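Below you'll find the structure, written out as structure tokens, and then a few comments.
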Amino acid sequence: MTRQPDPAKKPALLEQIVDYLVDKPLSALTFRGVAKELDVSAFTLVYHFGTRDELVRDIIEAIATRQRGFETVFDPKTVTVESYLAGLRKTFDQSLEPRNLALQRLEFEAEMLEVLSPEHDLTRSAHDDLQARARDTLVALGLNPADAGVEAQLLLDTFYGIQVGLVRSGDPDRATAAFERALEYHSRAIAPFLAVP
């Protein structure tokens, strides 16, 4: 009878692999390189992850669901205008942390790889889910669904664009100034639609 993979070992290995990749391109990933770095056998990786494609898929899933912080911001059941704006700022501040900055680079690379493989859609699905949550949250704040959809798209695309600029420039001051300006614009854009308590 074939031994089953240890469910506790795989997540620990995956976390180590993501740590290994923070300063390397995802496209250059090999079982041999990872095994050598983690001081495990390539067989161990095959045992837990299967093929290289399956390992890359697991890595992309881990990156796609990394700390976003948006999950607490975009909660239609509990959101207030104050918690919404404070949560957006807190989420941006988290993106400035060095590890999260490295994970963002990996996430952007994963997104570009998925463009070439339409059958893989983990980051796209995660982004679509996030956009739906943002829209529903803005509806809960008082926007109509059409305006909420546009504002959610604009907010997330702006946020991700600032993150791409941050990854490229490495300049947190510039990125923070851009984020603060974008948040100011967003606040003014949604203000006329907000429900009056």
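Ordering ILE59, GLY161, PRO11 by Cα displacement along the dipole of the chain toward the positive end leaves PRO11 in first place; charges were set at the Cβ atoms of Lys, Arg (+1) and Asp, Glu (-1).
Across region 122-138, coupling constants 3J(HN,Hα) worked out from phi with the 6.51/-1.76/1.60 Karplus curve, θ = phi - 60°, read 5, 6, 5, 5, 4, 5, 5, 5, 5, 5, 5, 5, 4, 4, 5, 5, 5 Hz, and Gly and Pro carry x. Partners of LYS9 within straight-line reach, counting lysines whose Cα lies under 22 Å from its Cα and excluding those fewer than 8 residues away in the same chain: LYS36.
Report Rg/Rh for the chain, rounded to two decimals, where Rg is the Cα radius of gyration and Rh the Kirkwood radius. Taking Rh as the inverse mean 1/r over Cα pairs, Rg/Rh reads 1.04.
In vacuum, with every alpha carbon of region 9-63 counted as one equal point scatterer, what does the Debye formula give for log10 I(q)/I(0) at q = 0.19, 0.27, 0.29, 0.30 Å⁻¹? Two decimals, please. Treating every Cα as an identical point scatterer, log10 I(q)/I(0) equals -0.55, -1.26, -1.51, -1.65. Footprinting exposure proxy ranking of ARG188, ARG181, fewest other C-beta atoms within 10 angstrom first, gives ARG188, ARG181.
Look at the alpha carbon pairs under 8 Å that are at least 6 residues apart: their mean separation over the length of region 9-63 gives a relative contact order of 37 percent. Binning the C-alpha pair distances of region 89-147 at 10 Å intervals from 0 yields a P(r) profile of 20, 34, 34, 12 %, listed from the shortest bin outward. Using the Karplus relation 6.51 cos²θ - 1.76 cosθ + 1.60 with θ = phi - 60°, the per-residue 3J(HN,Hα) values for region 16-28 come to 5, 5, 4, 4, 4, 7, 4, 10, 9, x, 4, 5, 8 Hz, with x marking Gly and Pro. Relative contact order of the chain, taken over Cα pairs closer than 8 Å and 6 or more residues apart, is 19 percent. Within straight-line reach of LYS77, meaning a Cα separation under 24 Å, sit the following lysines at least 8 residues removed in sequence or on another chain: LYS90.
Since every read-out is calculated from the coordinates, none of them should be taken as a lab result. Just so you know, these numbers come straight off a predicted model, no measurement behind them. Note: ideal-geometry Cβ built from the backbone for every residue, glycine included; neighbour counts use all protein chains shown.
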